[in-house]
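The values are calculated or read from the model by the stated rules, or taken from the named source; none is laboratory data. These figures come from a predicted structure and were not determined experimentally. Glycine gets a Cβ as well: all are built from the backbone with ideal geometry, and neighbour counts include every protein chain shown.
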Amino acid sequence: MFSLGSWLPALPGLAWGWALLDALLQGLVGACAVSVLCSLLKVYLYIQCANNPERQAEKEAMAARRPLLEPLQVLVLTAVLALVGSRVAALVVLEFSLRAVSTILSLKGAHSSQLYLLCQYSLGCGVSCGLSFLLEGAPHRSWNLALAAGLAGLLALHARRLARHVCALYELHSRQRYCGVCILLLAAGHGIPRLLRNALAVTFAVADLAAVELINRDFLSTGEAVRFWTPLSICYTLLVVYMQEESRHSTGRGAAFRTVVMRMGGLFILLLTVGRWTDILHVFVSLLGELWCLLHSGVLLESCCRQVRGGQPRATRGEGWGQPQGHPERPLGSSL
C-alpha cells in the first residue's frame, strides 16, 4: 500500500535514485553474508589453531585486533556489489558453482576451508542475484530490502562478536568450563564446516536459478541465447579444467590470486565477444571485489594453505577437536 517514494512527486531522477538505493541495500545484504561467513570461519580456524601447539603464530595473527577493518570490508563490498550489474554477477555465480561442484567431487566427501574463503565475492553476488530475482516487481521492494539489510546486519554483528569472544576468551573458558558459548563450541564446533556447507548449498542453488533467469531475460530469441550460452559453456569448462590442474601443482595465497585473475580474464575475453561495454566495466569492478575479499581474509587464507601443505587432518567428525593443547581437561562440573 505504501512505498518509500509513494509520497514524493514524480521527478525525472527519482526512479534512478530509488534504483540506486535498492542496489545499495542488495549489496549490503550480500556484504553482511560474506561477513558472517568470514566470522564463522575465523571461529573454526582459531579453535583448530588453539588445539595445535605448532600453530600458535597463526592463532595470534587471527586474534590481532583490527577494529576498523571489518566495517571497512562491509562498506567496500557493499559499494562493489551495488556497482556490479546483475548480468556479470550472474556469470560470476554460475562460474563459481561449476568450479565448486568440480572441487567437491575431487575432494571425495572431505571439506575444504579454503574453498569457503574463495567463495566470498561469489556469495555476495549470489545473494544480490537472488534478491534481485525474488523481489522483481514486488510492490514493497525497497521496504523488503531494508528489512533484509537490517536482519543481515544484525546477524553479521552477532557473528563478529562471537569471533571476538572466541579469540579473546576461548582458551580460558574452555579450561574453566563456565561459558556456555565456549562449551558449545568445544563440543560441537567441528560441525561449523557442515553448517556452512549446507547454508552455502541452499544459497547457491537459489542464486543459480536466479542467475539463469536474469541472463535469459535479455534474449529476444532462442538463437541469441544459443549464441551466448555455447561459448560461455566452453569457456567455463576450460577454466574449471585449468584451475583444477593448477590447484594440484601449487597452493598458497599466490595461487589464489592467480586463479582470480585467470577467472576474470576468461570472463573478460568472453564478454568482449558476446557482451556489452557495461559488462566489461563490471568485470573490472568484480576483479577489484575478488581481490579485496582475498586481501581482507589473508590471515585465514594463509592458515588454510599451511594446513593443506602440512597435511593436517580435517576435523570434520571431531577428530582432534577438544581441549586446547597444553592444558589438562577438567570435569564439566569442577568449576561450577
- Query: Considering segment 184-199 alone, what residues qualify as being free of Cβ contacts under 8 Å to residues at least 24 places away in the same chain and surrounded by 15 or more Cβ atoms within 10 Å (Cβ to Cβ)?
  - Reply: G191, A199
- Of (1) without any contact (Cβ under 8 Å) to a residue 40 or more places away in the chain; (2) more than 18 Å from S86 (Cα to Cα), H296 satisfies all except one. Which? (1)
- Mind telling me which of the residues A138, A188 ends up being touching a Gly at 6+ places or on another chain (Cβ under 9 Å), modelled with pLDDT under 90 and not β-branched (V, I, T)? A188
- Note on the structure: Matching residues in segment 75-86 (in contact (Cβ under 8 Å) with a residue 60 or more places away in the chain and surrounded by fewer than 20 Cβ atoms within 10 Å (Cβ to Cβ)) number 3
- Item | Within segment 219-230, tally of residues that are loosely packed, with under 14 Cβ neighbours inside 10 Å and either at pLDDT 75 or above or in a helix (DSSP H, G or I) (or both) | 5
- Message: Can you tell me which condition A90 does not meet? The list is (1) aliphatic (A, V, I, L, M); (2) within 30 Å of L271 (Cβ to Cβ); (3) at pLDDT 85 or above; (4) surrounded by fewer than 20 Cβ atoms within 10 Å (Cβ to Cβ), and all the others hold.
- Response: (4)
- Number of positions in segment 165-186 that are within 18 Å of N52 (Cβ to Cβ) and among the polar types (S, T, N, Q): 1
- Item | Subset of segment 59-74 (residues that are over 17 Å from the mean Cα position of the chain (by Cα), buried (at least 17 other Cβ atoms within 10 Å of the Cβ) and of a type outside the set (G, A, S)) | K59, M62
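Yes/no per residue for (1) part of a helix (DSSP H, G or I); (2) more than 24 Å from P71 (Cβ to Cβ); (3) at pLDDT below 90; (4) in contact with a strand residue (DSSP E or B) (Cβ under 8 Å, 6 or more places away or on another chain):
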residue	(1), (2), (3), (4)
S142	yes, no, yes, no
A149	yes, no, no, no
L157	yes, no, no, no
E171	yes, yes, yes, no
L184	yes, yes, yes, no
- Quick check: anything in segment 317-324 among the basic types (K, R), surrounded by fewer than 12 Cβ atoms within 10 Å (Cβ to Cβ), under 24 Å from the mean Cα position of the chain (by Cα) and at pLDDT below 80? yes
- Query: So, of the residues in segment 173-182 that are touching a residue at least 24 places away in the same chain (Cβ under 8 Å) and either outside any helix (DSSP H, G or I) or among the hydrophobic types (A, V, I, L, M, F, W, C) (or both), which turns out to be farthest from K59 (Cα to Cα)?
  - Reply: Y178
- Quick one: would you say A163 is among the small types (G, A, S), in contact (Cβ under 8 Å) with a residue 12 or more places away in the chain, crowded, with 20+ Cβ neighbours inside 10 Å and under 20 Å from L24 (Cβ atoms)? no
